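K.L.:
Shown below is the structure under consideration.
Computed from the coordinates by the stated procedures, all read-outs in this text should not be read as laboratory data. Quantities reported herein were computed from a predicted structural model and do not represent experimental measurements. Every residue, glycine as well, gets a Cβ built from its backbone with ideal geometry; the counts of neighbours run over all protein chains shown.
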Amino acid sequence: MVLCDFAESINGKLYIMGAGWEQLRANSPAPVAVGLIVTVPWDQTNVQHELVMELADEDGHRIALGDPPQEVVQRVSFEAGRPPGVKPGTGQNAPLALRFNALPLPPGRYSFVVHIDDAEKARVSFEAK
């Protein structure tokens, strides 16, 4: 999981630009993206999964932006297939790209938190200054 300026998933590959930042300018709307590569265990391939990514403050509360305020959360369903001839036990990668057009955040620490099938799997933190 990586913060970046732009991310796109095409044909099983993840394309990212401007990756690896840890700070953004506070109160300045800028495009934000998160690139992820989810490794799906062998026994969970060919099964639909739900990924939920939320933006949380340093206390773990979901962030709501806009007028009227709406929580910054995205939901994605995905399924990783198991190609013929793959060695039993081999996990399969599912590259995903989640984009946000503009996040005018007040100063503070934030995290994107990823849940897959209701279990927290990853988080990445950054600061708005």
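K.L.:
Short version: ³J(HN,Hα) in whole Hz for each residue of region 106-120, in order, from phi by Karplus 6.51 cos²θ - 1.76 cosθ + 1.60 (θ = phi - 60°), x for Gly and Pro, what are they?
P.N.:
After applying 6.51 cos²θ - 1.76 cosθ + 1.60, I find x, x, x, 9, 9, 9, 8, 10, 10, 10, 10, 6, 6, 10, 5 Hz.
K.L.:
Now a separate question. Can you list the residues, at least 5 places off or on another chain, whose amide H is less than 5 Å from the amide H of Ala26, using H built in the peptide plane?
P.N.:
Correct list: Lys129.
K.L.:
Can you work out the base-10 log of I(q)/I(0) for the chain at q = 0.17 1/Å, using the Debye formula on its C-alpha atoms alone?
P.N.:
Results for the chain at q = 0.17 Å⁻¹ read -0.89.
K.L.:
Report the charge-dipole magnitude of region 2-128 in Debye, nearest 20, computed about the Cα centre from +1 at each Lys and Arg Cβ and -1 at each Asp and Glu Cβ.
P.N.:
The dipole of region 2-128 has a size of about 480 debye.
K.L.:
Between Pro104, Ala56, Gly91, whose Cα lies farthest towards the positive end of the dipole of region 39-118 when Lys and Arg beta carbons carry +1 and Asp and Glu beta carbons carry -1, centred on the Cα centre?
P.N.:
Value: Gly91.
K.L.:
Taking H placed 1.01 Å from N in the peptide plane, check which residues at least 5 places from Asn93 or on another chain put their amide H under 5 Å from its amide H.
P.N.:
Excluding prolines and chain starts, which carry no amide H, the hits are Val40.
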